[in-house]
Structure formats: C-alpha cells, structure tokens
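The values are calculated or read from the model by the stated rules, or taken from the named source; none is laboratory data. In this text, all values refer to a predicted model and were calculated from it rather than measured experimentally. Cβ placement follows ideal geometry from the backbone for every residue including glycine, while neighbour counts extend to all protein chains displayed.
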C-alpha cells in the first residue's frame, strides 16, 4: 500500500532560493502560497504610497522605503515570509550601506498594504497581527474601494481614517502628514 508523504515545510532561506515563478508568492508557516497578480488600481495606490513616503524619508535622510512585495520574515519555526506592498526601515533598523540580495532579519517600522478586491478582512487581520508580533511599529491598510486607511499599532486600538482625514505617524516619522485621499489620487 502506497502512502503519500507530506511536503516538507520550507524555511525562509529555502523559500528565498526558489526559482521565480513569475507571479507573487508568500511563505505561510512553511508552505508556499500563490498570490493573485494585482490589478492596475492596486499598483497605482502602492506606487503613490511608496512615492509619498519615499519623498519624505529621503529628504530627511531617515532610512529606506521599499516596495514591490519586499520579503519580511514575520515568524520562525515554521517560517512565514510576507511580501509587504510598501515598507519603511529607519537606518537604525537597516543601516546605511549596500543592500543584501538575501532576506535578512531586519523588521521595518512601518508597513503599508493595499487591499485588493480578492482580499478578505480576516486574512488582512492575520497578516497585520503577524507584522505587529514580529516588531513592526505600525501597519496601514489602504482600501482603494472605500478610499480609507486603517491603522494598527501594537498598543492602540485600530483606527479607520476617511479620505479627508489627516494621516500622521509622529512616533515613527516625526513631521510626516498627508491627507489620506492623496494615496488614491
């Protein structure tokens, strides 16, 4: 009698060394999860968020803003690697110098995720929780359909902000302020 063997769980390092399949993937508790290719609206909002943050961060020499689903290791044993839409790393967390090609232990202070039409809030909450438990100081989920921003931090209840509301993160990016609607314009 033949028995099926379970697929072994991958580590973050093994996941990072897999060949590029040509579409987004994440590693969730050791298993590869295929992600849908984002649509134009998703890409546009990601680009706006990265640009707004990058202009502020670069002009003040505060750190780095990364996009394009840069891998963040959120859990070990089994490993989880999430692809953050946009992330901010201060130079304190990710020092100046050449950037490594491989995934590292650095955890960003801020992650911005853009909600796709296929995203379910339950899954978004799970991802936000992983980010916060790993040491991320704030997670923002931009919802293009509602033109809202949802902000989570480790010590405060989640906040929902409308397009006309001001978005600021004084504990992470002192002096940064933007009207939420600018992410969607």
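Table: residues versus (1) part of a loop (DSSP other than H, G, I, E, B); (2) over 19 Å from residue 87 (Cβ atoms); (3) over 19 Å from the mean Cα position of the chain (by Cα).
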site	(1), (2), (3)
142	no, no, no
149	no, no, no
157	no, yes, yes
164	yes, yes, yes
171	yes, no, no
- Item | Flag if residue 21 is outside any helix (DSSP H, G or I), free of Cβ contacts under 8 Å to residues at least 24 places away in the same chain and in contact with a strand residue (DSSP E or B) (Cβ under 8 Å, 6 or more places away or on another chain) | yes
- Consider residue 118 carefully, then state whether it is on the phi < 0 side of the Ramachandran plot and either assigned to a loop (DSSP other than H, G, I, E, B) or touching a helix residue (DSSP H, G or I) at 6+ places or on another chain (Cβ under 9 Å) (or both). yes
- Message: For segment 146-173, which positions are surrounded by fewer than 14 Cβ atoms within 10 Å (Cβ to Cβ) and within 20 Å of residue 50 (Cβ to Cβ)?
- Response: 166
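Rundown of residues vs (1) surrounded by 12 or more Cβ atoms within 10 Å (Cβ to Cβ); (2) within 26 Å of residue 154 (Cβ to Cβ); (3) modelled with pLDDT under 95, yes/no style:
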residue	(1), (2), (3)
7	no, no, yes
24	yes, no, yes
37	no, no, yes
56	yes, yes, no
74	yes, yes, no
82	yes, yes, no
91	yes, yes, no
103	yes, yes, yes
106	yes, yes, yes
- Message: Please verify whether residue 141 is closer than 19 Å to residue 36 by Cβ and in contact (Cβ under 8 Å) with a residue 60 or more places away in the chain, treating the condition exactly as stated.
- Response: no
- Could we say that residue 81 is touching a helix residue (DSSP H, G or I) at 6+ places or on another chain (Cβ under 7 Å) and closer than 29 Å to residue 181 by Cβ here? no
- Given the conditions (1) part of a strand (DSSP E or B); (2) within 21 Å of residue 176 (Cβ to Cβ), every one holds for residue 59 apart from (1)
- Note on the structure: Filtering segment 121-136 down to residues that are over 12 Å from the mean Cα position of the chain (by Cα) and in a loop (DSSP other than H, G, I, E, B) yields 135
